[in-house]
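The values are calculated or read from the model by the stated rules, or taken from the named source; none is laboratory data. Please read these numbers as outputs of a predicted model, since none were measured by experiment. No Cβ is skipped: glycine too gets one built from the backbone with ideal geometry, and neighbour counts run over all protein chains shown.
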Amino acid sequence: MIVFDLDGTLIDVWKRYFFVFNSWWKIENLNLEKFKTLKKEFEQDSLIVSLFRSFTTQEYTAYKEYKEKKLEEQDILELDEDIVDWSLLKQLKERYIILTLRRNQQTLFEDLKKRNKDVLDNVVVLQPDGSPLVKYNWVKNNIPPDEKVFVVGDSETDLLVGNLDNVHVFLVKTGLRDPDRLIRKYNELKEKVTIVDSVNDFLCFRIKA
């Protein structure tokens, strides 16, 4: 079984996250490339903002509410671009699911229909609950413990699934997090992790295996 993450793994979300971030904070001289560098270095948006300006707790709380809603609006989702070569995914002979965290399932499926409607039956949507173990818990409760599982993702919610037996994690470099930093943070999992440039590299490897 292969478990693919969506945002940052199959889909490039950088433009969407940058637009939402700076449509609120309006930081001059902050472009997409600089945002990418800072986002990979600083996990929390508050740390990025603090490099440029001061803000109140109330202001940041309002931003988080704005971000949560804005990120999943249909017109904002159109900023995303495909990373995955869908033709490679179609060649995959192994069973797979796309396991993603979204609050608005309707806009997610409308967006995926435009990209590749053939994958819709393979999509599992989880509600974010603030815990980095949300995917770990789903895999633990829904996939037999003796089944070999490959997880392909870009964040700690993907990496922490590696705490389960028979799970190996492939971290991609295309997401919002730096895979090397993640491995240093969770050093106990380093033997269960492989870093790849993108999901397409993983797919080519599995198709040839």
Listed residues L92, L99; which is modelled with pLDDT under 95 and either within 26 Å of I207 (Cβ to Cβ) or buried (at least 18 other Cβ atoms within 10 Å of the Cβ) (or both)?
-> L92
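Do you know which residues across the range 181-209 are more than 21 Å from D85 (Cβ to Cβ) and either in contact with a strand residue (DSSP E or B) (Cβ under 7 Å, 6 or more places away or on another chain) or of a type in the set (A, V, I, L, M, F, W, C) (or both)?
Applying the first criterion (more than 21 Å from D85 (Cβ to Cβ)) to the range 181-209 yields 181-193.
Passing the criteria: L182, I183, L189, K192, V193.
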Keeping to the range 154-194, report how many residues are in contact with a helix residue (DSSP H, G or I) (Cβ under 7 Å, 6 or more places away or on another chain) and among the small types (G, A, S).
-> 1
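Show me the helices (runs of 4 or more DSSP H) entirely contained within the range 67-174 in which 1 or more residues are in contact (Cβ under 8 Å) with a residue 24 or more places away in the chain and more than 14 Å from the chain's Cα centre (by Cα).
Values: elements: 74-77, 86-91, 105-116, 134-142, 156-159.
Filter on the range 67-174 gives 74-77, 86-91, 105-116, 134-142.
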